[in-house]
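Okay, so here's the structure we're looking at.
The values are calculated or read from the model by the stated rules, or taken from the named source; none is laboratory data. For clarity, every value in this text was computed on a predicted model and none was experimentally measured. Cβ coordinates were reconstructed from backbone atoms using ideal geometry, including for glycine residues, and neighbour counts include every protein chain displayed.
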Amino acid sequence: MQRLTCEQAVFACAQGDVRMTKDVILSATTRKNLTAIQMAEAKVARISEKMATGQRVNTIIDDPRNFTEASALLTRTKNLSRLLDGIGQNVRAIDVALSGTEAIYDMLDQAETVATDSLDKLLNNETDPKVVQQTLSIAGANLQDVIAGDNPVGYWRMDGNATSAGSTGGINGIPQNGVTFGGAPLYTKGGGPSAEFDGVNQGILIPDSVDINLANHPERTVELVFNADTVAGRQVLYEEGASVNAFTIYIDNGRLYAVGRDAGGWGPPNISVPINAGETYHVAFVFDWATTQRFEVYVDGASIGSVPVNANFPPHSGDIGIGYSPDSTWYHDGASGAPNYFDGRISDVALYNTAMTDADMQARVDAFVSSQAVRYINVDYQALIDEIDNLAEDAHYRGINLLMNDDMTTYFNETYTNSLLTEAEDFTVNGLGLFSFNFNDEDTVRDIIDRVQNAKERVRAFGTTILHDLSVIKARNVSIEQAINTHKAGAADLTEADLNEEGASMLAANTRLELSQAALALATEFDRAILSVLTAGQ
């Protein structure tokens, strides 16, 4: 058997060589010093790891409770940080929208100045060099074909009676007091006959129908073409409903109105445009509860205004009339039971239980106007409102355009239950209810000025609203940043090491290690001395 010196045995034990030391018997002092050295070295290693990572809890083994709680805090910190990214992007979208509203407001301000200057010249019988005649060449299908192609519920052509030619058919009108059918067309391009109303006691009563008034209809479009012999007083072109729920198209002292009302929620709006006697107009309203939640009015294909709706249009027993009001109905200034007979001609009355679009309206105008349409525009005003459309279109950020009806939601917690909805507006020319003709008529120019002023108020109010939203979002952003810092600090409290404390512990551990090594050396010398005495003389 190989014999080891005491020094070799001590070295072997220190290196863990059990094979070499299994037959070696160490003194109690040596074993004690070896154990102390191993413990001191292990403590130095642990303290070195803490000082290197800055963490006193690096694994779940170090402290299961603190490690788990700190991990949960850091996970929420990551989730909140992702929310901050989304919030920051929404702040940018509002910044872009604010810039767009400022620019659009400036365009509107200039447009008001231009229109006011045109009105002054008209009042002073001066020629405005900026007002020019515009001739439009129109091509395409005729209006009757366009209407029939969209499958109306009822289509009264006025071609000899009041028979419906709609997609369901059978909704035949009942003429009152000798309405004259089959009159001359109101437009030259494929125009059908018209019906003459005397303004005294003539009208067409449409019987109740589940396709019109006896059932719920979340969408409704009504259109007609008319030419008034006079625009004085109040004259009903189309009416359905009564003093609770109603849709009405009518003339009131030189202005054309279309209103809707639901007693349970919305209306009546005040949407109108000036018109002249002896001129032919296409008018339509679109009620859309299903998709856009808007009631919008169109004259000659251009939107003249819209209002939000907050309820479906319910069934109602009020009668339906063309050229008069069979019973009471709603107007912009309240309800009335007067029949308000129309004096003039009407053609192509069509009713749909669908919501027509801007493109549908333009198709109708293209079909009903004459082959050469003449308008008078102010070239400066036209350039300004054209730029408004460009500004609204460009005010987008990463697919969000608050100036073109793109609502935006900002989320403030990781479960997406706490949020702020920034509601968008439509600041295109159609959305603002602007139009650019005819600048040769005083009443029309006054109406243009009124519309520009109303548009300015809408833009200003919207800017204030989104500024408020921006303030809320920024305040929540600061709150979330503070929450992130708090969570990080909480995790640090549970896991981070005190480097001063750990440095002191390292110094103490190294001192203990050095003392243990010195003690081992002394014990080894002592054992060697004893061994020398015992083996002397052999």
Whether any residue in region 432-449 is without any contact (Cβ under 8 Å) to a residue 24 or more places away in the chain and in the same structural domain as Arg82 (by TED's automatic domain parsing) is what I want to check.
no
Can you work out which of the residues in region 429-463 that are of a type in the set (Val, Ile, Thr) and modelled with pLDDT of 90 or more is nearest to Ala277 (Cα to Cα)?
Val445
Would you say Thr77 is among the hydroxyl-bearing types (Ser, Thr, Tyr), closer than 27 Å to Met408 by Cβ and more than 27 Å from the chain's Cα centre (by Cα)?
yes
When (1) surrounded by fewer than 16 Cβ atoms within 10 Å (Cβ to Cβ); (2) touching a residue at least 24 places away in the same chain (Cβ under 8 Å); (3) not in a helix (DSSP H, G or I) are applied to Asp145, the one that fails is (3)
Given Leu224, Leu205, which one is aliphatic (A, V, I, L, M) and within 27 Å of Asn270 (Cβ to Cβ)?
Leu224
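Given the structure, is Asn161 over 30 Å from Gln382 (Cα atoms), surrounded by 14 or more Cβ atoms within 10 Å (Cβ to Cβ) and without any contact (Cβ under 8 Å) to a residue 60 or more places away in the chain? Write out each step before concluding.
Numbers: over 30 Å from Gln382 (Cα atoms): yes; surrounded by 14 or more Cβ atoms within 10 Å (Cβ to Cβ): yes; without any contact (Cβ under 8 Å) to a residue 60 or more places away in the chain: yes.
Here the answer is yes, as Asn161 does meet what is asked.
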Yes/no for Gly337 being surrounded by fewer than 18 Cβ atoms within 10 Å (Cβ to Cβ), in the same structural domain as Leu256 (by TED's automatic domain parsing) and at pLDDT below 95:
yes
List, please: which pairs have Cβ atoms under 6 Å, are six or more places apart or on different chains, and start with a residue in region 395-417 that is free of Cβ contacts under 8 Å to residues at least 12 places away in the same chain and end with one that is small (Gly, Ala, Ser) and buried (at least 19 other Cβ atoms within 10 Å of the Cβ)?
none
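Please work out if Asp85 is surrounded by fewer than 17 Cβ atoms within 10 Å (Cβ to Cβ) and either modelled with pLDDT of 80 or more or touching a His at 6+ places or on another chain (Cβ under 8 Å) (or both).
The answer is yes for Asp85.
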